[in-house]
Every structure is written in C-alpha cells, then in structure tokens.
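Visitor: The structure under discussion is supplied below as structure tokens; questions concerning it will follow.
What follows is calculated from the coordinates using simple rules that are stated; it is not laboratory data. Bear in mind the structure is a predicted one, so any value in this text is a computation, not a measurement. So basically every Cβ, Gly included, is an ideal-geometry build from the backbone, and we count neighbours across all protein chains shown.
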C-alpha cells in the first residue's frame, strides 16, 4: 500500500495525487495541515526533515520531492504509463518537469504567498507568526516567506513572477500547436506536472494570462475533462475556498 502525505492545495502534492488517480492506484492519503504548521511537527520532520509535502512511503521506503516521486511511481507501477519508452519523449518530458521545478515553482510560491496566503497569516498573533517562520528548516525558504509576508503586494518579485508565468504559457502555446498535449497526442508526466501551476493561476484570478492563447485554453479544457482531475482537484477543496482565493486575486490585480 502506498501512503501519500500531502495537502489538498499544495501544487507539488497535486502532481502526485493526479498521477496516482490517473494510474488508478489505491493509496492512503494523509492530509498535512500547512496552515497550522503540521509540516513542522516532530512527527512529520522525522519523515521529511525539510518539512515539505508531498512524501510517499512505499514498502517502508520514503520518497521525497514531487518529480522524484512521480518518476518512482511510473517505474514501479507500469500500468497506464505516462512516461513513454521513447528517449525523445522522455527527454521532452524531463525538460518540462525541470522547467517547472527550477523556474516556475518559485514564481508560483511568490504569487501564492503574496496574494492569497498572506491575508490569512495576517490574522495570526506576532507570537504565532514568529513560531511559524522559526520552524521552517530551510533558511532560504524562511527568508522568502518572511519577505513575502512583510512586503505583500509591494513585493518587487511579483511582477517578475508574473512574467515568468507568461513565458511558461507562451512556451506551452508553441508546443501545443503540434500536439494535443505538451509532448505528444497523449497525456504524459509533462502535462500532469504543469497542470497544478496553471490551475493556481486560475485560483488567483489570473485567467487573462492565457485568454489569447487558444491552444493553452484547449489543453486546459482537456485536462479538466479527465476523471483524475475531478478526483485530484474538484473533489478536494472545501466549500468556499476557491472563491475566497479568487477574491484575493481580483483585489491584487492592480498591483501586479
């Protein structure tokens, strides 16, 4: 049995959840409440000292980092493959996965923190805020989150993050002119790993970034029509959560 530690709103966790559901695998899902800091608890840090989701445990092996987890799942459970044997397609898929991990994830974090997470954090006491930031094991991540909290929508990096996202969408538009999906006419790990980052824009009311990109719009509709999407996204969010985040996004638009 697979055990997945994740959070319903963590983009990296959504990659893994989507893949597990696409492959129709049975797994035990443990939700880690990021808002109250469960990722920094001694119990969770004993599983992942970085204090980050997702994590999977399979046959007593602990696997960290979402892209590594996805590749592990593909190599271990070869039913309904999303990572073809073709070296050319594997190279293309890894390119998209690396691009997301190395360039887009931080842009996503900046936008998410400044626009939608900060308003909830502002409700915390100074003591609780200090406790939250002090508990983050990675010093660089701690500094980034603290800076996003302190500056909010005045954060200079917000505009750069939006530009990086627009570059992603433009690259997708070019790739999708020749294929239904990012690397071929079949859904692959590339699509699964990119999807949560586009959905995050949707949640932050930034849909206008792809309104003039017809191939991206078509791809997003295809991805949303998949059964695994409903299980991994639509069925996960509490009532009112997405609406609240979209309201934060609308208020933030004039600043970014």
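Visitor: I need 121, 203, 18 ordered by Cβ neighbour count within 10 Å, fewest first.
Guide: 121, 203, 18
Visitor: Just for the chain, what percent of DSSP beta bridges are antiparallel, to the closest 5?
Guide: The antiparallel proportion sits near 60 percent.
Visitor: Assuming a viscosity of 1.306 mPa s and a temperature of 10 °C, what translational diffusion coefficient in µm² per second does Stokes-Einstein assign to region 81-213, Rh being the Kirkwood radius over Cα pairs?
Guide: 96
Visitor: What per residue convex hull volume, in Å³, comes out for the chain when only alpha-carbon positions are used?
Guide: 124
Visitor: From zero outward in steps of 10 Å, how is the percent of C-alpha pairs of region 2-76 spread across the bins?
Guide: 21, 59, 20, 1
Visitor: Provide the percentage of antiparallel DSSP beta bridges, counting only those with both residues in region 2-76; round to the nearest 5.
Guide: Of those bridges, close to 60 percent are antiparallel.
Visitor: Another question, if that's okay. Tell me the mean residue ellipticity at 222 nm calculated for the chain from its helices only (DSSP H runs of n ≥ 4, each -39500 (n - 2.57), averaged over every residue, nearest 500).
Guide: Helices in the chain give a 222 nm mean residue ellipticity of -15500 deg cm²/dmol.
Visitor: How high is the relative contact order of region 87-255, given as a whole-number percent (alpha carbon pairs under 8 Å, six or more residues apart)?
Guide: Across region 87-255, relative contact order equals 30 percent.
Visitor: Relative contact order for region 39-174: what percent, with Cα pairs under 8 Å and sequence separation of 6 or more?
Guide: 23
Visitor: If you rank 72, 186 by fewest surrounding Cβ atoms within 10 Å, what's the result?
Guide: 186, 72
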